[in-house]
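Take a look at the structure set out below.
The values are calculated or read from the model by the stated rules, or taken from the named source; none is laboratory data. What you are looking at is a predicted structure, and each value in this text was computed from that prediction instead of being measured. Reconstructed Cβ throughout: ideal geometry from the backbone, glycine too, with neighbour counts over all protein chains shown.
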Amino acid sequence: MKTKGIHHVAIICSDYQKSKHFYVDILGFAIIEETYRATRDSYKLDLRVGECDGIELFSFPHPPARVNNPEACGLRHLAFAVEDLDASVASLQAKGVKVEEIRVDEITGKRFTFFPDPDGLPLEMYER
């Protein structure tokens, strides 16, 4: 098997309008397509992240809560590459997003930090 990259990451949210605002208006991801699926009472929002990466944002009535243990088996967090970590942190903080202190990766020497989405999903910014 030869892959060409990650096509998308799927996220299920508890409040579609709140999460749509966060990912589009606060993080600045472009909307590719928004679909309401009446049979599921569900939205699917396709977002463009960067040049070719994507997020599928789903809403479902009454989704179960996410396991909140950071060391639980499964997806740990989603990381976004940024050119200027300080400017990115300042931009999020100006929009009311709580961002953790900047840390340094002991292996690569690169700076990074975490912040939550509206459902507490851990998101990371990693400086290139």
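Search segment 88-101 for residues that are in contact (Cβ under 8 Å) with a residue 24 or more places away in the chain and pair each with any residue that is among the charged types (D, E, K, R) and assigned to a helix (DSSP H, G or I) when their beta-carbon atoms are under 9 Å apart and the residues are at least 6 apart or on different chains.
LYS95/ASP25
Inside segment 6-44, can you point out the residues that are in contact (Cβ under 8 Å) with a residue 40 or more places away in the chain and either among the basic types (Lys, Arg) or touching a His at 6+ places or on another chain (Cβ under 6 Å) (or both)?
LYS18, the sole residue that qualifies.
Evaluate the following for ARG76: is it modelled with pLDDT under 95 and basic (Lys, Arg)?
Yes; evaluated as a whole, the condition is true for this residue.
Name the residue that is nearest to VAL97 (Cα to Cα), counting only residues in segment 16-37 that are part of a strand (DSSP E or B) and not β-branched (Val, Ile, Thr).
The qualifying residue nearest to VAL97 (Cα to Cα) is ALA30.
For ILE102, indicate whether it is surrounded by 13 or more Cβ atoms within 10 Å (Cβ to Cβ) and under 29 Å from THR3 (Cα atoms).
So ILE102 fails the test.
The rows are residues; the columns are (1) in the same structural domain as PHE114 (by TED's automatic domain parsing); (2) loosely packed, with under 11 Cβ neighbours inside 10 Å.
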site	(1), (2)
ILE26	no, no
PHE29	no, no
GLU34	no, no
ARG37	no, no
SER42	no, no
ASP46	no, no
GLU71	no, yes
ASP86	yes, no
VAL89	yes, no
